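Quick one: the structure is below, questions incoming.
The values are calculated or read from the model by the stated rules, or taken from the named source; none is laboratory data. Predicted, not measured: the structure shown is a model, and the values here were computed from it. Cβ sites come from the backbone with ideal geometry, for glycine too, and all protein chains shown count toward neighbours. Side chains are part of the model used for accessible areas, which takes the heavy atoms of the whole protein and leaves out ligands, DNA and RNA. Shrake-Rupley method; radii C 1.70, N 1.55, O 1.52, S 1.80 Å.
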Amino acid sequence: MTEHEVSRFGHVELADMPEDLRTRIGAVAEKSGFVPNVFRAIAHRPAELRAFLDYHDALMEKSDGLSKAERELVVVATSGANHCTYCIVAHGAILRVRTKDPEIADKVATNPWGVELSPRERAIVDLALLIATDSAALTEAELDDARMAGLTEDEIWDVGAITALFAMSNRLAHLTALRPNPEFFLMGRLPRG
């Protein structure tokens, strides 16, 4: 395999993206201090990047239902189950920041069954793992377990939809051999200076 900086299919720099994407991704870059490689990789297919961002934002930026940290918990559990380095590193960083816990992402990604979680978090992770690894085995019993842990019908839907979106994202990351930005590795581990 040829060595590459971002993706085996190349990448697009922010300045070279269509104006609407440059504005949208520029806002992310301004907040984080860098352009996440996933956007640089998918940007060579602008219509797909727009669709991905729209669905991502519809699921991950909602103000009701699962907390933002719980949403990231779903992503990290799903990405760990799918062995997706990029998403584990990138969303692990976001999970650490949102929870203010420098260890949770590594624990969820590497051994989601052994990590100590609240009953609600356990239900979220267990449901995400089942949908990520064996969705055809999902029965009403697993949904009842999630309900018993306090998840609403909309929150259960969100766990499933986020798992599905990131299962797709994980597979694109594998296809492209997407490399995590170095900035992600320390986020949420060290105090901000």
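Would you mind listing how long segment 49-128 runs along its three principal axes, going by Cα atoms, in whole Å with the largest first?
Cα extents, longest axis first: 37, 27, 23 Å.
Another question, if that's okay. What translational diffusion coefficient, in µm²/s and rounded to a whole number, does the Stokes-Einstein relation yield for segment 2-87 at 25 °C and a viscosity of 0.890 mPa s, taking the hydrodynamic radius as the Kirkwood radius over Cα pairs?
So the translational diffusion coefficient is about 172 µm²/s.
Here is a follow-up. May I ask you to give the percent of accessible area on the chain that is carbon plus sulfur, with a probe radius of 1.4 Å?
Using a 1.4 Å probe with all protein chains present, the chain comes out at 57 percent carbon and sulfur.
Enumerate the amide H contacts of Ala43 below 5 Å, restricted to partners 5 or more residues apart or on another chain; note that Pro and chain-start residues carry no placed amide H.
Residues meeting the amide H criterion: Val12.
Given the DSSP H assignment, sum -39500 (n - 2.57) over each helix run of at least 4 residues in the chain and divide by its residue total; what's the result at 222 nm in deg cm²/dmol, nearest 500?
-20000 deg cm²/dmol
If you don't mind, there's one more thing I want to ask. Enumerate the calculated ³J(HN,Hα) couplings along segment 151-158 in order (Karplus 6.51 cos²θ - 1.76 cosθ + 1.60, θ = phi - 60°), each rounded to whole Hz, writing x wherever the residue is Gly or Pro.
7, 7, 4, 5, 5, 4, 4, 4
Could you work out the pair-distance distribution P(r) of segment 55-99 from its alpha-carbon pairs, with 5 angstrom bin width and percents rounded to whole numbers?
5, 26, 29, 27, 11, 2
Could you tell me the center-to-center distance, by alpha carbons, between segment 25-70 and segment 92-132 in angstrom?
If you average the Cα positions of each part, the centres end up 21 Å apart.
Continuing with the same structure: Just the number please: accessible area per residue for the chain, 1.4 Å probe, all protein chains included, in Å².
Ligands and nucleic acids excluded, the figure is 53 Å² per residue.
If you don't mind, there's one more thing I want to ask. Counting Lys and Arg as +1 and Asp and Glu as -1, what is the net charge of the other residues whose Cβ lies under 11 Å from the Cβ of Asp154?
The answer is -3.
With 17 Å as the cut-off, how large is the P(r) tail for segment 141-190, expressed as percent of Cα-Cα pairs?
Beyond 17 Å sits 59 percent of the P(r) for segment 141-190.
Sticking with this structure for a sec: Based on the alpha-carbon gyration tensor of segment 89-193 and its eigenvalue square roots a ≥ b ≥ c, which shape applies: rounded if a/c is under 1.5, prolate if not and a/b is larger than b/c, or oblate?
oblate
Below 8 Å, C-alpha to C-alpha, sequence gap of six or more: please give me the relative contact order for the chain in percent.
Over the chain, the number comes to 29 percent.
On to the next question. Averaging over all projection directions, find the projected area of the Cα convex hull of the chain and quote it in nm² with one decimal place.
Mean shadow area of the hull around the Cα atoms is 11.5 nm².
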